[in-house]
Ligand SMILES: [Zn+2]
């Protein structure tokens, strides 16, 4: 079945199961949800289900139509995305889409048009597209993918049915990422950093530099309690030598923040499956005791630094590292 390989998104799946059962496919949908939660994949599986040779709503994945959708060679399946090296979908791309839509459907049943993301279509492009959406060609289904539906004009929104995609849970991310790595520290870091975005988590996992940094960042967390003032100064100097920029520091603070949250959760009596790094529980528990108040304060200081580091233009991250790490010296 078409939905077998989709991670999460039960509501959207159930919605289209009903659509297939009642044979009531709309002519336009907006797939709305955060980045990297699988909206594009979903739209491809759904297209297979609609165009499958084995029957409407099946999406066997094996027939010629399903395979041609997958390979993007099906004549009735159009996936419109920004051209390589571009961030926007241009008016020319929209015009060529519209001219393609004036031709007849090749295989009879339906024609699918996916615009990914619709947020990338230029203003001119949206104007040109609006007419098509107002008077849609027969048997054509539009899927507009968006992570920011607020920015979509009311005239477009009102002509589409909104389908909501939720963020992936830690468990779903884990199941998905385990195919990529067996290194649990790395995997849990990618999940903590990516906040429900599996594409971002994947790119963390595939970044060699990141992989190297993450294991060091985790080790430093356990060493920090024994650092004296000189060690702290040396650590900061070494990061300067490594040319750490604000992005490196952001990753660093985010990982430490999720680790301090783990320590706080343990203090509050939480189960291991609630921790960001459940397999580090033993090492956390072997650390010097800290009160809930202390742990909370550290998390707040780190969060403040993360917030200030995201301000553009970026400030010097070393200043925050010095302020925080020096201040923690000798704190028991
Ligand atoms: Zn099929």
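Read-outs throughout are calculated quantities, based only on the coordinates presented, and are distinct from any laboratory measurement. This structure is a prediction, so every number in the text was calculated from the model and none was measured. As a convention, Cβ positions derive from the backbone with ideal geometry for all residues, glycine included, and neighbour counts pool all protein chains shown.
Annotations
- Selected from 116, 148, 243 as most flexible by GNM, with the chain as the system and alpha-carbon contacts under 10 Å: 243
- A helix-only calculation puts the chain at -16000 deg cm²/dmol for mean residue ellipticity at 222 nm, using -39500 (n - 2.57) for each DSSP H run of at least four residues, averaged over all residues.
- Relative to the longest principal axis of the Cα atoms of the chain, helix 229-241 runs at roughly 40 degrees.
- Subtracting the Cα-Cα distance of residue 327 and residue 84 from their residue separation scaled by 0.36 nm leaves 82.7 nm.
- Exposure proxy ranking, count of Cβ atoms within 10 Å, fewest first, for 174, 39: 174, 39
- Average Cα contact separation per residue, region 207-327, under 8 Å, 6 or more apart, as relative contact order %: 36 percent
- Look at where the Cα atoms of region 82-126 and of region 1-65 average out, and the two centres are 20 Å apart.
- Taking 60, 66 and counting other C-beta atoms within 10 Å, the order from fewest to most: 60, 66
- Fluctuation leader among 42, 176, 118 - the chain, Gaussian network, Cα springs under 10 angstrom: 176
- On Cα atoms only, tilt of 246-267 relative to the major axis of the chain in degrees: 70 degrees
- Whole-Å distance, taken between Cα centres, linking region 260-287 and region 179-212: 20 Å
- Counting beta carbons within 10 Å around each of 173, 287, 210 and listing the fewest first gives the order 287, 210, 173.
- Global form of region 72-137, assessed from the alpha-carbon gyration tensor, a/c cut-off 1.5: oblate
- A crude spin-label estimate for the pair residue 22 and residue 268, with each label 7 Å from Cα along the Cβ direction, gives 4.2 nm.
- Cα-based helix-to-principal-axis angle, 10-22 vs the chain, degrees rounded to 10: 10 degrees
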